[in-house]
Amino acid sequence: MLDVTKDGQGAAGAPVIEAKGLNLTFHTNDGPVHALKDVDLTINKGEFVSFIGPSGCGKTTFLRTIADLEQPTGGSLTVNGMTPEAARKARAYGYVFQAAGLYPWRTIEGNVKLPLQIMGYSKAEQAERAARVLELVELAGFEKKFPWQLSGGMQQRASIARALAFDAEILLMDEPFGALDEIVRDRLNEELLKLWARTQKTIGFVTHSIPEAVYLSTKIVVMSPRPGRITDVIESTLPAERPLDIRDSAEFISIAHRVREGLRAGYEDA
Amino acid sequence: MSRSIPVLTVVAVLIGLWYLAVIPMNAKWEYDQAARNDRELAFGEMVALTMNQERPVLPAPHQVLIGLYEQTVGCDAVGRRMCRETTPLTVQGFGQRVVESVSSNRSLIYHGLITLNATLLGFLIGTGGGILLAVAIVYNRATDASVMPWAIASQTIPIIALAPMIIVVLNSIGVAGLVPKAIIAAYLSFFPVVVGMVKGLRAPDAMQLDLMKTYSAGGRDVFLKLRLPMSMPFLFASLKIGIASALVGTIVGELPVQRGGLGVRLLSGSYYGQTIQIWAALFAAAILAASLVGIVGAIERRVLKRMGMAA
């Protein structure tokens, strides 16, 4: 439905994720559920793409399909030019789940080292990388703490550090701040933008929140349910530098308005 | 301190109830004795007598305590000669008595050690087998479907019926002594470990398994870094039940063999109407079980604390 060749940031690189006519149908006892129907989307290198829509619109399913956690039933999907499975095995992405999901028996540092240990990094490199990413998410000094000793926001930052530790080019985030309060969420959004600017990663970000999607993204993908599909793709015209009060600007409000219209249109179709 | 007062109160009430129960339980014998001698028995006199019978129906608490002493480091256990030599009792004399008691077949320490050996061996076999079986059940659908019902069925057979058969069968192939008892102990202790470990190894939720998948983690990593640590609290809960069950299994296994152990003390006590001996052996078994469970609990606290999961 849409072919993007350039984004507003001018930082567009080669396509990293390409979906063409992607379909995914779950077979349940109540009959088939069309979680994704004819999804076409291209995400270029360095983009920050948000997926927004009501529950059941397939935004999480799409993210999981990119991560090879779900298998599409039709169409094509490539990640870094490979199948999602090959990309997963090549450790092309880091995934941040809704819950921080830190292992309670590991310290914060131990949790960040988990993927590094599995991927066979040397002890010295594990320590060096853990220190670097914990610095990046502003958790330096908390290495030896156990997860329960940290607040929810700090736990989620640690889980982002864990996803960053092995230098995957793509970061997939599934409502990572959904369970946090507004104030913590604002701070983490700001930090996430800084982190994105510093690391130049390609980010796929699922959210329920319109302000969050508009504030963070270079591209907003509006989805609607039954069947799960893309109803609008909005290229953000906001500048790269985004202080929190940009949310009061006319431009921000007009983009948010367009997202809201897209969400409403999706409901009326259904 | 704040907890010891309620605990001691409960213990005091229990002991009080025990003493009260001693009176009606032992009264009949005293009245019969009095009738045989054509004597009237006053109530107060009767009560006093019920507290110190030689073969009471229900021994009084102090009789059990004295019995425990006599049958561990007292004269009954160490023999008259050593008893004479070490009276009055000094620290050194006490040490001599303990050493003597370890090898005296009239001593609860000697029998307790026999039981302890078989219990520990059985517990090791049962725990090891239980963990292996749990891994097989979690990783193999066929095992899950075929083994679990048998494991459950195995626990519905009264061990008292099964124990003699295990001993006879093993004896006929030349296995006797410690091992048959340990196998009965293992038979009882593997089950809680299987149930607990299956639950523990399956405790990781879909998200945690997905996370491992995003790392393309192999089966070994998923087991060692996720399933196994996650199952630790379940394992320790099972080990506490398992070690107590192993002790029960060992004692039951000792009944038909009659070659030492607390089970033998229980049985021979009942043969000869030595109720105090039975109760002393029961208390010895209870103290042993409590100590074993306590040791497992202490290890649990240490391990879980190191894992940041201290309860």
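Read-outs throughout are calculated quantities, based only on the coordinates presented, and are distinct from any laboratory measurement. Note that the structure is a prediction, hence the values are computed from the model and not measured. Note that each Cβ is placed from the backbone with ideal geometry, even for glycine, and that neighbours are counted across all protein chains shown.
Restricting to DSSP loop positions (anything but H, G, I, E, B) with no more than 16 other Cβ atoms inside 10 Å of their own Cβ, which GluC sites (Glu not before Pro) remain in region A:178-248?
A:GLU241
Of all trypsin sites (Lys or Arg not before Pro) in region A:123-153, which ones are in loop regions per DSSP and have a Cβ with at most 16 other Cβ atoms within 10 Å?
Hits after loop and neighbour filter: A:LYS144, A:LYS145.
Is region B:1-70 best put as rounded, prolate or oblate by its Cα gyration tensor, with a ≥ b ≥ c the root eigenvalues, rounded for a/c under 1.5, and otherwise prolate when a/b is larger than b/c, oblate when not?
prolate
Only Cα pairs under 8 Å and at least 6 apart count here; give the relative contact order of region B:132-231 as a rounded whole percent.
Value for region B:132-231: 31 percent.
Could you give the distance between the Cα centres of region B:96-124 and region A:37-87, to the whole Å?
Result: 67 Å between the Cα centres.
Report the residue, chosen from B:LEU14, B:LEU133, B:LEU124, that carries the largest GNM mean-square fluctuation when chain B is represented by alpha-carbon nodes joined by springs under 10 Å.
B:LEU14
How much of the DSSP bridge set in the protein assembly as shown is antiparallel, in percent, rounded to the nearest 5?
Given both bridge residues lie in the protein assembly as shown, the antiparallel proportion sits at roughly 55 percent.
How many angstrom lie between the C-alpha centres of region A:180-198 and region B:18-45?
For region A:180-198 versus region B:18-45, the Cα centre distance is 84 Å.
Roughly how compact is chain B, stated as its Cα Rg over 2.2 N^0.38 Å to two decimals?
Normalised Rg, Cα atoms only: 1.28.
Need one value for A:106-118: mean number of C-beta atoms belonging to other chains within 10 Å of its residues' C-beta atoms.
For this peptide, the per-residue mean of nearby foreign Cβ atoms is 3.
What ranking do B:VAL303, A:VAL259 get, fewest neighbouring Cβ atoms within 10 angstrom at the top?
With the fewest neighbours first, B:VAL303, A:VAL259 line up as B:VAL303, A:VAL259.
When A:ASP68, B:ASP144 are ordered from fewest to most other Cβ atoms inside 10 Å of their Cβ, what list results?
B:ASP144, A:ASP68
What is the order of B:ARG141, A:ARG88, B:ARG106, fewest Cβ neighbours within 10 Å to most?
Sorted ascending by nearby Cβ count, the order is B:ARG141, B:ARG106, A:ARG88.
How high is the relative contact order of region B:108-306, given as a whole-number percent (alpha carbon pairs under 8 Å, six or more residues apart)?
With pairs under 8 Å counted, the relative contact order is 30 percent.
Across the residues of A:222-233, average count of Cβ atoms on other protein chains within 10 Å?
Other-chain Cβ atoms within 10 Å of each residue's Cβ, averaged: 0.
Name the residue, out of B:SER270, B:SER245, B:SER172, whose mean-square fluctuation peaks in a Gaussian network model built on chain B with Cα pairs under 10 Å.
Top of the fluctuation ranking is B:SER172.
Just for chain A, what percent of DSSP beta bridges are antiparallel, to the closest 5?
55 percent
Tell me, what is the percent relative contact order of chain A, built from C-alpha pairs under 8 Å that lie six or more residues apart?
In percent, rounded to a whole number, it is 25.
If you take every residue apart from B:LEU262 with its C-beta less than 14 Å away from the C-beta of B:LEU262, what net charge results, scoring Lys and Arg +1 and Asp and Glu -1?
Once all neighbours under 14 Å are counted, the net charge is +3.
Cross-link candidates for B:LYS225: which lysines have Cα within less than 19 Å, leaving aside residues fewer than 8 places away along the same chain?
Answer for B:LYS225, where 19 Å is the Cα cut-off: A:LYS89, A:LYS113, A:LYS123, A:LYS144, A:LYS145, B:LYS199, B:LYS213, B:LYS305, listed by chain and number.
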